[in-house]
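The next block holds one structure in the form of structure tokens; read it before the comments.
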Amino acid sequence: MNQVIELKHPLIEHKLSILRSKHTSTKEFRELIKEISTILCYEAMKDAQLDPITIETPIQKMETHRLNEDKYAFIPILRAGLGMLDGVLSILPTVKVGHIGMYRNEKTFEPVNYFFKVPEGIENREVILLDPMLATGGSADDAITLLKEKGVKKIKFLCIISAPEGLQKVTEKHPDVEIYTACIDDHLNENKYIVPGLGDAGDRIFGTK
């Protein structure tokens, strides 16, 4: 799984320790998701291509480089992926945003697709896909497949917590997709929740449980 990048950093571990706690409030949980997403996005953009430009500082003109944000798109997988959106937009605020709607069938544990809307010209953009949890890998696999069917050639997947089972599925089916995760946890339980995990990210972000 050479395309899996796990962020190992004291600040990440510190923030995850608070995020995982069942006593963490909805407000603090949202803030931590945003902060960790920002850090993940910094790491994922380390190979971004810059265009040469000329600017004028208060002192003189100079040659420098700037990112063309029109070459990118952020796409959260609904609904939990919305919790990561503010974090990545804080870095690149003019990047276009799409949405992929999925929910998990509680009997089969398979993802069910119900919404797909992406920016115009998505086939010419690098897509950064957002979902806090990579558990079975079903939703990520389906979302990546949908994007590839639309002609997207470069996709990066950002998640807060991942399970080995989900990582294996996505890397086997999509070896061209880089995965950036704050932590790789131990395993999935019988209900397909990540262990030790942090519970249901969507419920904790939106306070629905």
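Just so you know, all these numbers are worked out from the coordinates, no wet-lab data involved. On a predicted model such as this, the values are computed, not experimentally measured, just so you know. Positions of Cβ are backbone-derived with ideal geometry, glycine not excepted, and every protein chain shown enters the neighbour counts.
Structure notes:
- Charge context of residue 182, other residues only, Cβ under 12 angstrom, K/R +1, D/E -1: -2
- Taking other Cβ atoms within 10 Å as a rough exposure proxy, 84, 62, 133, 102 sort from fewest to most as 62, 102, 133, 84.
- Counting every alpha-carbon pair across region 21-78, the share separated by more than 16 Å comes to 66%.
- Length-normalised contact order for region 90-209 - Cα pairs under 8 Å, 6+ apart - percent: 20 percent
- Stokes-Einstein translational diffusion, region 108-209 - Kirkwood Rh over all Cα pairs, 1.002 mPa s, 20 °C, in µm²/s: 150 µm²/s
- Diffusion coefficient of region 27-117 by Stokes-Einstein, Kirkwood radius over Cα pairs, 25 °C, 0.890 mPa s: 157 µm²/s.
- Surrounding net charge for residue 122, when Lys and Arg each add one and Asp and Glu each subtract one, Cβ distance under 13 Å: +3
- In loop segments of region 28-65 as defined by DSSP, the trypsin sites (Lys or Arg not before Pro) with at most 14 further C-beta atoms inside 10 Å of their C-beta are 46.
- Taking 30 Å as the limit for the C-alpha separation, the pairs 96/173; 27/153; 8/156 exceed it in the case of 27/153.
- Loop-located GluC sites (Glu not before Pro) across region 75-127 with a Cβ neighbour count of 15 or fewer within 10 Å are 106, 120, with loop assigned by DSSP.
- Within-11-Å neighbourhood charge of residue 202 [Cβ basis; K, R +1; D, E -1]: +1
- Exposure proxy shown here: for 144, 91, the number of other Cβ atoms within 10 Å sets the order, fewest to most, as 91, 144.
- Residues residue 94 and residue 46, FRET efficiency given R0 of 25 Å [Cβ-Cβ distance, rounded to 0.05]: 0.80
- Base-10 log of normalised Debye intensity for the chain (one unit scatterer per alpha-carbon) at q = 0.09, 0.12, 0.17 Å⁻¹: -0.35, -0.60, -1.17
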